[in-house]
Amino acid sequence: MKSIASAPAKVILFGEHFIVYGGKAILCAIDKRITVESELVNSGIIQVNSTLGTISIPKDEPIKNVDAKFRPVVFVAQKILKRFNSESGLKIAIRSEIPSGVGLGSSSACCVAAASSISGLFAKPSKEETLKLALEAEKTVFENASGADTASCTFGGIMEYTKQGTKNLNLAPKFQLVIANSKIIHSTSKVVSRVKQFKEKHPDEFSLLCQNESALIEESLEALKANDLKKIGEKMNVNQAHLQKIDVSNQTLDSMVQLVKNTAYGAKLTGAGDGGCIVVLVDESNLKNTLDALSEYECFATKIDTVGVEQKV
Ligand code: PMV
C-alpha cells in the first residue's frame, strides 16, 4: 500500500524574524505543493528519492549521521516505524513544485507532507499530530525554528502565529500575491543568528523595532479583515523598512521591491531574507503590470491555499 500526502508552500506576509523574539506573524499558504509518497518495503532500508538526490540507509542509522538534506524525512520515518513497532523498511518519493532555499517553506512543507504520508501508512493522523511531528523533524536541522512555517503548511489559509499557537483568520481575501524569486539561496539559520547578533549589539534599537513591528501587525490585521488592499500594501512597505533596519534585505531584494512601487499595492521580502523571494500584493487590476515590471526575474501569480496538508490515500 502507498500513502500519499501533500502540503502547500507559504509566504510570511508580516512579522518574520520578530516572531523569533515573541512577536506575532501573519502567514499565508499558497497554491504550490510538495507531495510525499511512501510505501513499506521488506528490507531494513529507508530509501528517499527527491529532486535533491537519493539516499538509501539502514533504517536504524543514527540520525546525526544522516545528510542534513534528508535528515528531517529520515527522522519522521524512523520515529513512525518505531512507534508502530514495524519491522519494515520504507521507500519515500518526494515531488516538489516549490523552489527550495528561497523562503517559500519548502523544507517545512516537506516535513509536513512526510509526517502525514508516513503516518498514514499506519493510521490517519490529525493535523495537530502531523504538525507536532513535522516541527520535531524540522528542528533536527534548524533547532531554533519558530514553528510558524510548519503551522502554515499544515493548516493552510491566512493565519496569525505566535509561539503560543495559531489562529486561522478565516478571511475571504480579495487580493492575489505575486512571488518573485531573486534565486539567491539563503540559509535561514545563518540569517537568524545574524539578527541575534544585531539584537545583542543594538538592544534599544531592536526593542523599539519589535514594538513598532507589533503595532504594525495589529494595524495589518485590521486592514486584512477589512480587505483594504491599499492599507495592507502600505503596511507591507513599512514591514520591508523594518527588515532593512535589521539588515536582512539586500540590494537585489530592495531593487525588486522598487520595481513594483508604481504598479502594486505593496511589496516586501518574505522569509529569512538575504536572498530568496519577495511577495507583492496585487489584484486583477494591477496583476499584469506587476508581472511585466518583474519580468527580468522568475515570478508567478499565486492564490491562497485554504486546504493545508492533505492525504490522498
Ligand atoms: O526563510 P524562511 O521562509 O524559512 O523564514 C524563516 C522565518 C524566520 O522568522 C526568519 C525564522 C522562523 O523560524 O520563524
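Quick one: would you say Lys32 is surrounded by 14 or more Cβ atoms within 10 Å (Cβ to Cβ), basic (Lys, Arg) and within 16 Å of the ligand (Cβ to nearest atom)?
The answer is yes for Lys32.
Can you confirm whether segment 146-162 contains a residue that is within 13 Å of the ligand (Cβ to nearest atom) and open to solvent by 80 Å² or more (accessible area, probe 1.4 Å)?
Checked segment 146-162: no residue is within 13 Å of the ligand (Cβ to nearest atom) and open to solvent by 80 Å² or more (accessible area, probe 1.4 Å).
Suppose we filter Asn262, Asn250 for residues that are in contact (Cβ under 8 Å) with a residue 60 or more places away in the chain and more than 20 Å from Cys28 (Cα to Cα); which single one remains?
Selected residue: Asn250, the only one of Asn262, Asn250 that is in contact (Cβ under 8 Å) with a residue 60 or more places away in the chain and more than 20 Å from Cys28 (Cα to Cα).
So, Thr162, is that one hydroxyl-bearing (Ser, Thr, Tyr) and in the same structural domain as Gly273 (by TED's automatic domain parsing) or not?
So Thr162 does not fit the description; no.
Kindly list, by first and then second residue, each pair from a residue in segment 7-25 that is more than 23 Å from Lys225 (Cβ to Cβ) to a residue that is within 8 Å of the ligand (Cβ to nearest atom), limited to pairs with Cβ atoms under 6 Å and residues at least 6 apart or on different chains.
So the pair list comes out as Ala9/Leu104; Ala9/Gly105; His17/Val195; Val20/Ser146.
All but one of (1) more than 15 Å from the chain's Cα centre (by Cα); (2) in a helix (DSSP H, G or I); (3) within 13 Å of the ligand (Cβ to nearest atom) hold for Glu200, so report the exception by its number.
Unmet for Glu200, out of (1) more than 15 Å from the chain's Cα centre (by Cα); (2) in a helix (DSSP H, G or I); (3) within 13 Å of the ligand (Cβ to nearest atom): (3).
When you scan segment 76-107, how many residues do you find that are buried (at least 20 other Cβ atoms within 10 Å of the Cβ) and either modelled with pLDDT under 95 or in a loop (DSSP other than H, G, I, E, B) (or both)?
Selection size over segment 76-107: 7.
Right, Lys24: surrounded by 14 or more Cβ atoms within 10 Å (Cβ to Cβ), of a type in the set (Lys, Arg) and more than 30 Å from Phe206 (Cβ to Cβ) or not?
no
Of Leu177, Leu131, which residue is open to solvent by less than 40 Å² (accessible area, probe 1.4 Å) and farther than 20 Å from Leu269 by Cα?
Leu131
(1) in a loop (DSSP other than H, G, I, E, B); (2) within 16 Å of the ligand (Cβ to nearest atom): which one isn't true of Lys174, the others all being true?
Only one criterion in (1) in a loop (DSSP other than H, G, I, E, B); (2) within 16 Å of the ligand (Cβ to nearest atom) is unmet by Lys174, namely (2).
Of these, Ala123, Ala137, which one is within 18 Å of Val36 (Cα to Cα), not in a loop (DSSP other than H, G, I, E, B) and not assigned by TED's automatic domain parsing to the domain that holds Ile185?
Result: Ala137 is the single residue among Ala123, Ala137 that is within 18 Å of Val36 (Cα to Cα), not in a loop (DSSP other than H, G, I, E, B) and not assigned by TED's automatic domain parsing to the domain that holds Ile185.
For segment 233-286, give me the residue count where each residue is surrounded by fewer than 20 Cβ atoms within 10 Å (Cβ to Cβ), away from the ligand (no atom under 16 Å from the Cβ) and either outside the structural domain of Glu298 (by TED's automatic domain parsing) or among the charged types (D, E, K, R) (or both).
Qualifying residue count for the region: 5.
Can you pull out the residues in segment 192-219 that are modelled with pLDDT under 95 and open to solvent by less than 40 Å² (accessible area, probe 1.4 Å)?
Val192
Only one of Ser100, Ser108, Ser96 is touching an Asp or Glu at 6+ places or on another chain (Cβ under 7 Å) and within 16 Å of the ligand (Cβ to nearest atom). Can you tell me which?
Ser108
The values are calculated or read from the model by the stated rules, or taken from the named source; none is laboratory data. This is a predicted model, so every value here is computed, not measured. Cβ: placed from backbone, ideal geometry, glycine included. Neighbour counts: every protein chain shown. These area figures cover heavy atoms from the full protein model, side chains too; ligands, DNA and RNA do not enter into them. Shrake-Rupley method; radii C 1.70, N 1.55, O 1.52, S 1.80 Å.
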